[in-house]
Every structure is written in structure tokens, then in C-alpha cells.
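Everything below concerns the one structure shown next.
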Amino acid sequence: MFTNLQDKLDRAFKVLKGQGSITEINVAETMKEIRKALLDADVNYKTAKTFTDDVKQKALGQNVLTSISPGQLLTKIMSDELSDLMGGTVSELETQKNPTIILIAGLNGAGKTTFSGKLANFLKDKKGKKPLLVAGDVYRPAAIDQLQILGEQVGVPVYVNRESTDPIAIAREGVEAAKRDGNNIVIIDTAGRLAIDEALMLEITAVKEATQPHEILFVVDSMTGQDAVNTAKAFNDRLDFTGVVLTKLDGDTRGGAALSIKSVVNKPIKFIGTGEKMEALDVFYPERMASRILGMGDVVSLVERAQQQFDEKEAAELQKKIRKNKFDFNDFRSQIQQIKKMGNMKDLMGMIPGVGKALKDVEVDDNAFKPIEAIIDSMTPFERENPDAIDQRRRTRIAKGSGTQLEEVNRLMKQFSDMRKVMKQMSNPAMAAKMMRNMP
Ligand code: GDP
């Protein structure tokens, strides 16, 4: 995410390296570089200019008061200003009305249907809500199928009326169905178009009038940069939406849309999509995003994602098993699955301060776990529960079954046994203390 922009900002900061203080000259030079970096990132010209002017003012104003290095001072100012540029504080989604009606709008391919599924999943799992999805794209039967598949995947019902070609009627019926069935959230997925056209605008405004939604979320592909901002403006002029959803941030190296959309349409970014999976949705926190853009990492989000995936009760069970040396391949596999659910590996590592930058040219393989999972899948239930019983004969069979080499199976067995030993030692406080003492 945003690797290109990070790189260029990093270079801009180099101007200040080794400088003892901030002066008109070195700040002007740095700001020129930062403005160039922002324009390259496809940030709107006016936004980039106002932004750099503000940062410059603040930097020159604060210089006398602080003793930190110019680079540190500027990083701090930049981080505050970037955060402000993206909205400053988090903007919560309204979910308290019963039912809360949420209308989803945007062009075709922006990621509306995917986001509708993700949002339903998020509100059900994280907020304890009972959502209903409404399939309002009457022009593409495939879109209705797609929403039904997603609904099934996340365990949320989908209101469908394949007989009707009237999106307004369907939206109304959906809201009625929700009231009847006790769903406290209604998410209405609407039809898009390839480009903005009058018919689309009339239709979506009519759906808005008919359903009186509490939230209208405009979904846009962040990779389209300035186009995303222009489309947002056109939709907002007609629809007066309540928030923006930026999708495909996982593939966005430049970040122009994320940085300019708030200042152009004056509506908050509420969510970001960071992958195709149903879990790849984050609430948008401007401060955390600013930290990430400046390569300062985002430990808060990383810890939160981990907490979401790891259940405390499960962790306690696991502890018990480890103490009794009963940690087996079933546990190992479920750990791998939980880590995978946390999201794209490179994205996760980018949240660790300093690591994002170091990894920018490194390919992090999301399939790294594949051979390990194949090996575990080829074991019999008995073997998974009794790792010690896996002898050479069994290993040869497992290698064949999983399409891997015997050496790979041997390596995994060795790693697993080492891991088990360390886990066992660490779970015993006396042993753990002894190990710590012996560390260099
Ligand atoms: P719609 O036409 O607006 O409903 O768009 P879809 O929901 O069908 O999404 C279009 C494509 O974008 C699909 O292939 C999705 O899997 C993909 N997509 C949606 N959101 C994301 C995201 O956050 N990251 C990535 N990498 N792909 C996404």
C-alpha cells in the first residue's frame, strides 16, 4: 500500500538530513520535493499546494520552540497534517436506528457488491447486528448471484426478487422484509454504470427518496486516483452521500485518492478495502493511515487485527495443550489459518514500524503456507493427533500424497518438534526463567 508515495516522501526528507535547524531555504526545498511527491501520487494540485504551504508555516513557526532534529519535527508536523487532510478523526457509521438503512452507490467494478458482503460480515461479527442484504442491481443477473454467494459465505440473508426490474420497488420490499424478519440493518446494493450518466443518477436518487437511508456510502476504486475524486464529486453533487469507501487499497501504490477525496468532497472516508476476501475490510483511521504513509508503521491496527482473529478462550485451551505437550498438527493448522485470515502478508508486515520500507522491493509470498498445509492435509487424523508416531514410512507416504518432497516433510517435522519443545519450556515459568538467563 502506498509504496511509491512512501518512497518519494522519504527522499524529500533526506534534504533535511544532517541539517541542524529548519531554515526558510531548507524547508522550501523540502516542500518542493514533498509537493512533487504528492503530485506524482495523483493528489489534486490545489490540495498539494495548500498542504505544503500549511506544513511550511508550521515548521517555520515551531522551530524556535523545540530542540528535536528538523527531520523529526517535520515528520511530526507532516503526520498531523496528513491525518487532518484525510479527515482527522475516525467517522463512525450510524448503526443505531432500527432498522438502519445503508445505501451503497458507485460505478461498475468499483467493488460495491464485494463491499456490501464485507460490511454485512463486519456488522454481524464485530457489532453483533442482524443485517439483511438487498440485491438491487436489476440489470446484471450475475450481480444478484454474486451477492447471494457472498451472503451465504458470511451467513447473512439476501433479499432477492428476480421477477422485478424495478430497483425502487425492490429496495422498498427489502426494507419491509427486514422489518418483518427482525433485521436491524439493511444494506442495499445498487446497480452501477460504466460511467456517470443521467439515468443512473435519476435511479439512485429515486431509491434514496423511497428508502430514506441513514447512510449512503459511495464506493470507489482507489487505484483510479484523480478519476476517483472526480467521480466522487459528481455523485456527491447529486446524492449528498454520507461517506466514502475506498476499495483496492492493497493495490494502490500512489495514494492520491485517499489523500485528496476528503478535501475535495468534504465527506469522510469511512472504510477501506484491502483485498478480495470478506475479512479484508478496515474502518478508516486518518491518524493511523498518516503513520503508515510516512513509514512509521501502524502497530495499533496490527494488534487489533490479531485480537479480532484470536479468541481468548481458544488461546487458553491452546495454553493447556502446550503445557501437557499435546500441541498437535490440528492446532498448528488452525494457527496457520488464523494468521492467513488476518490478511495479506506484505500489508501486515508493513504495519510494523520500519519494516514496510525495508520490504518494499521484496516479494512476500501469500502462498508460503501452501506446502505446509498440503503436508498436514495428507496426514491421517491419527497422525495429526500423534505427531510422534509419524515415522519414515509414513513420511514417504505423506510426501507423495501432498505432492512435496520427503525433505520438505522431514524439515516440517523437525521444525514442528523444535517448536513444541520451545513452547513446552516457555509454558513452564521456572524453565522459561532459566532459558532467559542463558540468553546472550
Ligand atoms: P461492483 O461492480 O461495484 O459490484 O464490483 P465488485 O464488487 O464486483 O468488484 C469488482 C472486482 O474488484 C472483483 O473482482 C472484486 O473481487 C475486486 N475487489 C473488490 N474490492 C477489492 C479490494 O479491496 N481489493 C482487491 N484487491 N480487489 C477488490
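What follows is calculated from the coordinates using simple rules that are stated; it is not laboratory data. Since the model is a prediction, treat every value here as computed from it, not as a measurement. No Cβ is skipped: glycine too gets one built from the backbone with ideal geometry, and neighbour counts run over all protein chains shown.
For Cα pairs less than 8 Å apart in space and 6+ apart in sequence, what is the mean separation divided by the residue count of the chain, i.e. the relative contact order in percent?
In percent, rounded to a whole number, it is 16.
Convex hull over the alpha-carbon atoms of the range 100-294: what's its volume per residue in Å³?
That works out to 107 Å³ per residue.
Send over the semi-axes of the range 3-85's equivalent ellipsoid, whole angstrom and largest first, taken as the square roots of 5 times the C-alpha gyration tensor eigenvalues.
Result for the range 3-85: semi-axes of 20, 14, 11 Å.
Run the helix sum for the chain: -39,500 (n - 2.57) per DSSP H stretch of 4+ residues, divided by residue count, reported at 222 nm to the nearest 500 deg cm²/dmol.
Computed mean residue ellipticity for the chain: -18000 deg cm²/dmol.
Could you pull out the trypsin sites (Lys or Arg not before Pro) across the range 89-177 that fall in loop regions by DSSP (anything but H, G, I, E, B) with no more than 15 other Cβ atoms inside 10 Å? The partial results should precede the final answer.
Numbers: sites: LYS97, LYS112, LYS118, LYS124, LYS126, LYS127, LYS129, ARG162, ARG172; in loops: LYS97, LYS126, LYS127, LYS129, ARG162.
Of the trypsin sites (Lys or Arg not before Pro), the ones in loops of the range 89-177 whose Cβ has at most 15 other Cβ atoms within 10 Å are LYS97, LYS126, LYS127, ARG162.
For a quick check of your reading of the filter: which GluC sites (Glu not before Pro) in the range 144-186 sit in a DSSP loop and have no more than 11 other Cβ atoms within 10 Å?
Working: sites: GLU152, GLU163, GLU173, GLU176; in loops: GLU163.
When the GluC sites (Glu not before Pro) of the range 144-186 are filtered for loop state and at most 11 Cβ neighbours within 10 Å, GLU163 remain.
May I ask you to list the GluC sites (Glu not before Pro) in the range 1-108 that are in a DSSP loop and have at most 16 other Cβ atoms within 10 Å of their Cβ?
When the GluC sites (Glu not before Pro) of the range 1-108 are filtered for loop state and at most 16 Cβ neighbours within 10 Å, GLU92, GLU94 remain.
Of GLY225, GLY128, GLY275, which has the largest mean-square fluctuation in a 10 Å C-alpha GNM of the chain?
GLY128
Express in % the proportion of alpha carbon pairs of the range 1-160 at distances exceeding 26 Å.
51 percent
Given labels modelled 7 Å from the Cα in the Cβ direction, how far is it in nm from TYR45 to ALA142?
3.9 nm
After finding the eigenvalues of the alpha carbon gyration tensor for the range 1-49, what semi-axes result from the square roots of 5 times each, listed largest first in whole Å?
Details: eigenvalues 87, 37, 6 Å².
Each semi-axis is √(5λ); the values are 21, 14, 5 Å.
Note down the Stokes-Einstein diffusion coefficient of the range 41-120 in µm²/s, whole number, using a Kirkwood radius over alpha carbon pairs, 25 °C, and 0.890 mPa s.
149 µm²/s
With the cut-off at 1.5 for a/c, could you classify the chain from its C-alpha gyration tensor as rounded, prolate or oblate?
Working: a/c = 2.23, a/b = 1.15, b/c = 1.94.
Oblate is the answer for the chain, as a/c is 1.5 or above yet b/c matches or exceeds a/b.
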